[in-house]
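Visitor: Structure in structure tokens, see below.
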Amino acid sequence: MQVLIDKKNRILIYLLIFILLSSYNNSKYKFLNNFDLFRISSIQIEGNSLLLKKEIIQLIGNIFEQNIFFLKKSEIDEKLKSVSIIHSFDIKKKYPDTIIINIYEEKPLGILIEKDKHIITQENNIISYNLDIDKSNLPLIYGKEAEIFFLEFYNLLKKYDFPLNKISSFHFFQIGRWDLKLKNEKIIKLPYENIERSIIQTITYLNEEKLKEYNIIDLRIDGKIIVQ
């Protein structure tokens, strides 16, 4: 019971201070800077999957030890807006000493190898990233001008329920065809023409026991399958 009363008292104190600061000139209340209780000691990052928490905290880390009542959110806004992978974000103050940042990232489909530090998104946007990101779940996309044709090809795979989570890399060739490398090291060579039919065949072949021992499935010749 005593714990609940203490917590309620703290909330009332924070609320009173907030009302005072909102109603009057902040300069009259600079004495609050002397209270360590209100100095920012924790930054919580939520919602991120690509961006590393340590990178975000390092970017905005100069707010540590600032008084939470006098912190302007614009100090954080400008820095987060400089990170292109961040689509939007929310910033909240949790009194007495914590800042909570909810990150909404762009939705990447893969990493473009021909373009240094660039990803391609579900909206077919090509975005550069200036912070380290978690690449472990993103496939690599190889090939000159692959970004021009990638989304159309990706959507075809998705249309026929190809197991996209099993792909480790996409390889585009200038003649207009693709190879797929799977996480189990198997390679699928797709043709330039009749691509949809070949995707359907590939899904079937991947589930056939007699083909599981082969590492290469080659569908480039119409009407034939070559395995190695």
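Visitor: For region 64-115, what number results from the quotient of the Cα radius of gyration and 2.2 N^0.38 Å? The partial results should precede the final answer.
Guide: Numbers: Rg = 14.7 Å, N = 52, 2.2 N^0.38 = 9.9 Å.
Here the Cα radius of gyration is 1.49 times the empirical estimate.
Visitor: A follow-up question, please. Within a Cβ distance under 11 Å of Leu51, other residues only, what is the Lys/Arg minus Asp/Glu net charge?
Guide: Details: positive: Lys53, Lys54; negative: Glu55, Glu105, Glu106, Asp132, Asp134.
Overall, the nearby charge balance is -3.
Visitor: Let me ask something else. Take every Cα pair under 8 Å in region 163-203 that's 6+ residues apart, average their separations, divide by the length, and report that relative contact order as a whole percent. Walk me through the intermediate numbers first.
Guide: Working: 47 pairs, mean separation 11.3, N = 41.
After rounding, I find 28 percent.
Visitor: Considering the convex hull of the alpha carbon atoms of region 139-227, report its projected area averaged over all viewing directions, in nm², one decimal. Don't skip to the answer; put the middle values down first.
Guide: Values: hull surface 21.1 nm².
So the Cα hull casts an average projection of 5.3 nm².
Visitor: Calculate, in nm to one decimal, what Lys158 and Lys144 gain on full extension: separation in residues at 0.36 nm each, minus their alpha carbon distance.
Guide: Working: separation 14, 0.36 × 14 = 5.04 nm, distance 2.27 nm.
Value of the extension gain: 2.8 nm.
Visitor: At what distance in nm do the modelled label points of Lys107 and Glu55 sit from each other, each positioned 7 Å from its Cα along Cα→Cβ?
Guide: Simple spin-label model gives 2.1 nm for this pair.
Visitor: Any chance you could list the semi-axes, whole Å, largest first, of the equivalent ellipsoid that the Cα gyration tensor gives for region 78-228, using √(5λ)?
Guide: Numbers: eigenvalues 281, 54, 31 Å².
Each semi-axis is the square root of five times an eigenvalue, giving 37, 16, 12 Å.
Visitor: Now, a different point. Looking at region 123-164, which GluC sites (Glu not before Pro) are DSSP coil and have at most 14 other C-beta atoms within 10 Å of their C-beta? Working shown, then result.
Guide: Details: sites: Glu123, Glu145, Glu147, Glu152; in loops: Glu123, Glu145.
Those that pass, being in a loop and sparsely packed, are Glu123, Glu145.
Visitor: What does the charge count near Gln122 come to, summing +1 for each Lys or Arg and -1 for each Asp or Glu among other residues with Cβ under 14 Å from its Cβ?
Guide: Local charge sum for Gln122: -3.
Visitor: Modelled label-to-label distance, Ile226 and Lys117, 7 Å Cα→beta-carbon offset: nm?
Guide: Taking the simple label geometry, Ile226 and Lys117 are separated by 4.2 nm.
Visitor: Using a 7 Å offset from the Cα along the Cα-to-Cβ direction at both Asp90 and Phe173, what is the distance between the two label points in nm, to one decimal?
Guide: 4.9 nm
Visitor: In addition: For Tyr160, what charge total do you get from the other residues with a beta carbon under 13 Å from its beta carbon, if Lys and Arg give +1 and Asp and Glu give -1? Could you put the intermediate results ahead of the total?
Guide: Details: positive: Lys158, Lys159, Arg197; negative: Asp161, Glu196.
That sum, taken over residues with Cβ under 13 Å, equals +1.
Visitor: If you don't mind, another one. As a test, work out the antiparallel percent of DSSP beta bridges whose residues both lie in region 113-228, rounded to the nearest 5.
Guide: On the way: 14 of 20 bridges.
Around 70 percent of the beta bridges assigned by DSSP in region 113-228 are antiparallel ones.
Read-outs: derived from the displayed coordinates by stated rules, not from any lab. All values derive from a computational prediction rather than experimental measurement. In this analysis, Cβ positions are derived from the backbone assuming ideal geometry, glycine residues included, and neighbour counts consider all displayed protein chains.
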